[in-house]
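The values are calculated or read from the model by the stated rules, or taken from the named source; none is laboratory data. A quick note: this is a predicted structure, and the numbers were derived from the prediction, not measured. Cβ placement follows ideal geometry from the backbone for every residue including glycine, while neighbour counts extend to all protein chains displayed. Heavy atoms of the whole protein, side chains included, go into the accessibility calculation; ligands, DNA and RNA do not. Shrake-Rupley method; radii C 1.70, N 1.55, O 1.52, S 1.80 Å.
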Amino acid sequence: MTTSARPSSASPSPSSATATPSWDDLVSTALLGVERRTPPWLQGADDPAAALLDLAAVRTVQRRAGLRPGTAAPLPEPARPDPRPELPPAARRRLALLLADRAAGGSGGRNGSAPNLAELLPQWLAAANAHGYRAPAPLLDALLDAARARSDLRPHALELAGPGALWLAALNPDWKFALRTTAPASPGAAPPPGPEERSTLWQEGLFAERVALLARLRATDPAAALELLRSTWAQERAEDRLMFVDALREGLSASDEPFLEEALSDRSRNVRATAAELLSALPGSALAARMASRALACVSAVPGPGGGLRLVVEAPAGCDAAMERDGVVARPPSGRGERSWWLGQLVDATPLSAWTEAFGLPPAALVELPVADDWQADLHAAWSRAAVRQRDAGWARALLGPLPEPAVRPAPVGDPARLLAVLPEEERAAWVARFVESQGLAESHSMLGVCAVPWSEPLGRAVVDALDIARDAGSYPWSFSGVMGLAERSLDPSAVDRVAPLAALPEETENGSPGAAGYWSEAFGRLAATLRLRATMLQELRPDPAAAP
Amino acid sequence: MSVAGPSVTGMEERWTSEQVLGLAPDAASRKAGTRLSAPGPWSDTGCTAPAGREGTVVWGLCRGSGSTPYRTVADLGGPAYKCSCPSRKFPCKHVLGLLLLWSAGPGGAVGPAEPPEWVAQWLSARAGAATRKAQRAAGGDGDGLADPEAARRRAELRDARTADGAAELEQRLADGVRAGLAGADRSDSRAWEEVAARMVDAQAPGLAARAGELAVVPSSGPGWPGRLLEEYALLHLLARGVRALDGLPEGPAATVRSRAGRSVDSAALLSTRAVRDDWLVLGSRDSASERLTTRRIWLRGARTGAAALVLSFGAAGRAPDLVLPVGMSVDADLAHHPAARPLRASLGERHAAPAPGPVPPGTAVADALSAYGDALRDDPWLDSWPAVLASVVPVPLDDGWQLADADGGDALPVDPGARGRAGLWRLAAVSGGRPVTVFGECGHRGFSPVTVWSGTEAVPL
């Protein structure tokens, strides 16, 4: 307590005081007991104990009545103002409810008929950011707590929260993460500052501010961004260097090659690996050419027994220093053979165009060639990783194969979900829709997870139909709870017209599991409720005041 | 806030979601109710605000896990609720969900409608019960008037009992100081609990509560001897006041009676001393103990400028009935309980639905502290006095918080008891390092913030 007492005026009780005792005198006398020692200022009182309490009461009230303010500590520098518009009132209430649900322990059961609001927070934040709103100041603390608990929320939550959140995070250690999280540059964000300001911010800014500056500059003037990075490169900490190198992914071009070649000799292994990865994504880079020549040396096409071509693989016999410098990790993870491990890394880093040029065949034809001696799985998996890394839709399409046919199990190649992510959104949704139609929902979860939200109409229809079929087949809905959860978040809200009728309670079928019909009806009811809620949420975010009641 | 303008009779006023959540008996209910605030499980909803009734009636059917949907209805005039679900919470999550749905506004899922048969039946049953209760109350008053002599004798007997209790308490306190408080840290917590029980028998629950608190001071950390002597001395002063009631002037006597725990007859007060004003709701805070939730609502009259504190209680599992949204202004009758420095009050008839209120004018921190000091002259047992601080900046320090005048070097420490509260960070978020208006309690332990204004919006902390 910094508040201090005014010097108290002497007003002892008239019957007992000969001198004025201090408050400390009163306390020590009371502690010891007036029976043991009666101080002079209590002598003569009828009842010294009562007289002491009388005195103490007067002093207590005097002290309290005389309290004066303390001296103010230096005031904090105010937060930067946030010029973005406020949320419409209904959207603001919605955000408060979503955050309150999370704080109350959001996970909740899947069985209830009400939607799980916490699951809707990420898309609410994304939609609000798309409108360019700022968070209401009274909700900043709840927003930061939410972002603290769920790192996947952080970029969107911090974008909405804006400068106010950074200001709070600098004061509260619980929210330090916000200073090291990069929010995606909002559409309304200021243009990159001029060279002078830029240099000051780069030299003195917080980590998050520096990364944001680098990313913004990279989008408009990649060379200037690289220049800025080079100016302090030698002094940066390893984990910061990693983030900065990663920022070069945006606007990557041949002019970055000399810098990245230098980074191949960096002290930090992660920085080296990232530099190598970026170089391998530059088809004309010297590193890409070196990796291509190593990889092509391992694979050759020879006439097969049936007359057609087949691929023969001779994996590398060793991993030399030059390979290691180019980002090849020499030691395989336990359980993997060295040679296949090295081969995989060489193929990963080889520009896919090198294969089509060397063999004179398009991707689809190369993928169909038989591969000798069980090397097919390794080679195709490596091509898949390269297609994902180089975002090559042609190769991804070839590796995924044709649209799945009913009753034909597609040969698993690499990780289909990651390959799908390389395809254009529409093609991706169409492929997954066909997969669900022909194969059902059993292995669809990760593929559905990479489809753009909201799902396209054909994809949504395929998923709803597949759920309906699963019900008719007599399974319980919780076998599909993962897909149900995704559908709640990802179906287009207009799909409610297809879902709502399914919530009607049907007769128990003969082959159905006992009680399943009721559970399914509840699950579809909940799905429909969530879709309606999402439609309302988006409606509320519209700036037109007539649209949001 | 969706409520705008003064209420017109018969026109419907929707509550805010904060107001609805204020009805929730606990955090679990709040969460469950929020879950049910989407249109999904609801059907056949409606609301009506018939002219001549105090509040809106809202109803709906909620699909739960059973085959029959629950029938949920709320009458906000009471407020009173009824739901066919088996929950023992009151109000249950269905009532909360329904009211949240309704609070979304006239464009939402709950629109005006004719009440269905089951709602109409419940309403008429309630009206019948209210009439019977009023008749009983009128009859009871009649009995009281019939024998004023008996009532007077009962009061005298009670006063005598309380005075005896106070004398015993005074003796105990003196004994403690005579033997020395040094032994207090280990021996006498049990002894004070016994004294507290005897004060309850003496019909002085205020003395009992203070006596009970003496038991815990010795374990309250460094500096306890000083704090213990303060509490001994103030309780000694109160016990003396109780014994000297006959000789005290009216105001101080009333203060002593209320501190000793003598209850007042709210209905009688409201019928004789009610003041009608636009009461701005400065703050509302719940504190829960094992058996009781206490809601404290602070008001300030727009015309009278008077401060008032209204309490509402809820037994375990039930939220206090009174819900007044912070920042709103209520045109209502209010009667202060008699005291030398009146603060406690009973709320009477409300003449209109709450309407958005202004940001209250406030003072510098030094003036807030002086106001507390001034109030102590009339009521030395006050721990704090309500205060609106204008233009202060909350500052987090290494060992707590302070509220500093934006222009000037004065600052108040935040009450250590309030330091752990998450609300302080909300206060900082609203301020962003800029001056804000804060309402709270200002006292000898520091300032305990209750409400902050973000622009024109009142934010509970």
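Annotations
- Unmet requirement for residue A:455, which otherwise passes all of (1) of a type outside the set (Gly, Ala, Ser); (2) modelled with pLDDT of 85 or more; (3) touching a helix residue (DSSP H, G or I) at 6+ places or on another chain (Cβ under 7 Å); (4) part of a helix (DSSP H, G or I): (4)
- Of all the residues in segment A:486-498, those that are more than 16 Å from residue A:436 (Cα to Cα) and part of a helix (DSSP H, G or I) number 8.
- Boolean, residue B:346 is on the phi < 0 side of the Ramachandran plot and open to solvent by 40 Å² or more (accessible area, probe 1.4 Å): no
- Qualifying residue in segment B:356-365 (condition: touching a residue at least 60 places away in the same chain (Cβ under 8 Å), touching a helix residue (DSSP H, G or I) at 6+ places or on another chain (Cβ under 8 Å) and surrounded by fewer than 18 Cβ atoms within 10 Å (Cβ to Cβ)): no
- When A:396, A:330 are checked against the criterion of being closer than 25 Å to residue A:275 by Cα and free of Cβ contacts under 8 Å to residues at least 24 places away in the same chain, a single residue qualifies: A:330.
- Residues in segment A:340-380 that are open to solvent by 30 Å² or more (accessible area, probe 1.4 Å), aliphatic (A, V, I, L, M) and part of a helix (DSSP H, G or I): A:358, A:364, A:365, A:377.
- Checked against (1) more than 8 Å from chain A (Cβ to nearest Cβ); (2) free of Cβ contacts under 8 Å to residues at least 40 places away in the same chain; (3) assigned to a strand (DSSP E or B), residue B:395 meets all criteria but (1).
- Flag if residue A:433 is over 22 Å from the mean Cα position of the chain (by Cα) and open to solvent by less than 60 Å² (accessible area, probe 1.4 Å): yes
- Meets criteria (within 12 Å of chain B (Cβ to nearest Cβ), in a helix (DSSP H, G or I), within 27 Å of residue B:98 (Cα to Cα) and at pLDDT 90 or above) for residue A:142: yes
- The helices (runs of 4 or more DSSP H) located wholly in segment A:22-103 that include 1 or more residues which are over 30 Å from residue A:536 (Cβ atoms) and facing chain B (nearest Cβ under 8 Å) occupy A:23-32, A:48-65.
- Residue within segment B:234-256 that is closer than 30 Å to residue B:321 by Cα and open to solvent by less than 10 Å² (accessible area, probe 1.4 Å) present: yes
- Within segment B:291-321, being of a type in the set (A, V, I, L, M, F, W, C), assigned to a strand (DSSP E or B) and either over 19 Å from residue B:258 (Cα atoms) or within 8 Å of the chain's Cα centre (by Cα) (or both) holds for B:292, B:297, B:298, B:299, B:309, B:310, B:311, B:313, B:315.
- As a summary of the residue check, residue B:214 satisfies the conditions (1) crowded, with 18+ Cβ neighbours inside 10 Å; (2) in contact (Cβ under 8 Å) with a residue 40 or more places away in the chain except for the one numbered (2).
- The one condition in (1) within 14 Å of chain A (Cβ to nearest Cβ); (2) at pLDDT below 85; (3) surrounded by fewer than 17 Cβ atoms within 10 Å (Cβ to Cβ) that residue B:52 fails to fulfil: (1)
- Just one residue in the set B:429, B:422 is open to solvent by 10 Å² or more (accessible area, probe 1.4 Å), facing chain A (nearest Cβ under 9 Å) and within 15 Å of residue B:449 (Cβ to Cβ); that residue is B:422.
- On inspection, residue A:417 qualifies as open to solvent by less than 40 Å² (accessible area, probe 1.4 Å), under 23 Å from the mean Cα position of the chain (by Cα) and within 15 Å of residue A:401 (Cα to Cα).
- Qualifying residue in segment B:299-320 (condition: more than 22 Å from residue B:254 (Cα to Cα), open to solvent by less than 20 Å² (accessible area, probe 1.4 Å) and touching a residue at least 40 places away in the same chain (Cβ under 8 Å)): yes
- Among residues of segment A:155-207, those that are within 14 Å of chain B (Cβ to nearest Cβ) and either farther than 30 Å from residue B:422 by Cα or modelled with pLDDT under 80 (or both), counted: 0
- Under the condition of being open to solvent by 50 Å² or more (accessible area, probe 1.4 Å), under 15 Å from the mean Cα position of the chain (by Cα) and either closer than 22 Å to residue B:435 by Cα or not aliphatic (A, V, I, L, M) (or both), the residues counted in segment A:124-153 number 5.
- Of the residues in segment A:402-412, not one is open to solvent by less than 30 Å² (accessible area, probe 1.4 Å), out of contact with any helix residue (DSSP H, G or I) (no Cβ under 6 Å at 6 or more places or on another chain), on the phi > 0 side of the Ramachandran plot and at pLDDT below 85.
- For segment B:400-416, the criterion of being open to solvent by less than 30 Å² (accessible area, probe 1.4 Å) and away from every other protein chain (no Cβ under 12 Å) is met by none of the residues.
- Every residue from segment B:242-294 that is closer than 24 Å to residue A:51 by Cβ, in contact (Cβ under 8 Å) with a residue 24 or more places away in the chain and in contact with a helix residue (DSSP H, G or I) (Cβ under 6 Å, 6 or more places away or on another chain): B:242, B:243, B:245, B:259, B:260
- In segment B:65-84, of all residues being at pLDDT 80 or above and within 13 Å of another protein chain (Cβ to nearest Cβ), the one that is nearest to the chain's Cα centre (by Cα) corresponds to B:70.
- Residue match in segment B:243-254 (condition: farther than 20 Å from residue A:57 by Cβ, within 14 Å of chain A (Cβ to nearest Cβ) and of a type in the set (Asp, Glu)): no
- Residue in segment A:271-283 that is farther than 19 Å from residue A:155 by Cα, touching a residue at least 12 places away in the same chain (Cβ under 8 Å) and either in contact with a strand residue (DSSP E or B) (Cβ under 6 Å, 6 or more places away or on another chain) or exposed (fewer than 13 other Cβ atoms within 10 Å of the Cβ) (or both) present: no
- The lone exception for residue B:105 - which of (1) at negative phi; (2) part of a loop (DSSP other than H, G, I, E, B) it fails: (1)
- Filter result for residue B:387 (in contact with a helix residue (DSSP H, G or I) (Cβ under 6 Å, 6 or more places away or on another chain) and surrounded by 22 or more Cβ atoms within 10 Å (Cβ to Cβ)): yes
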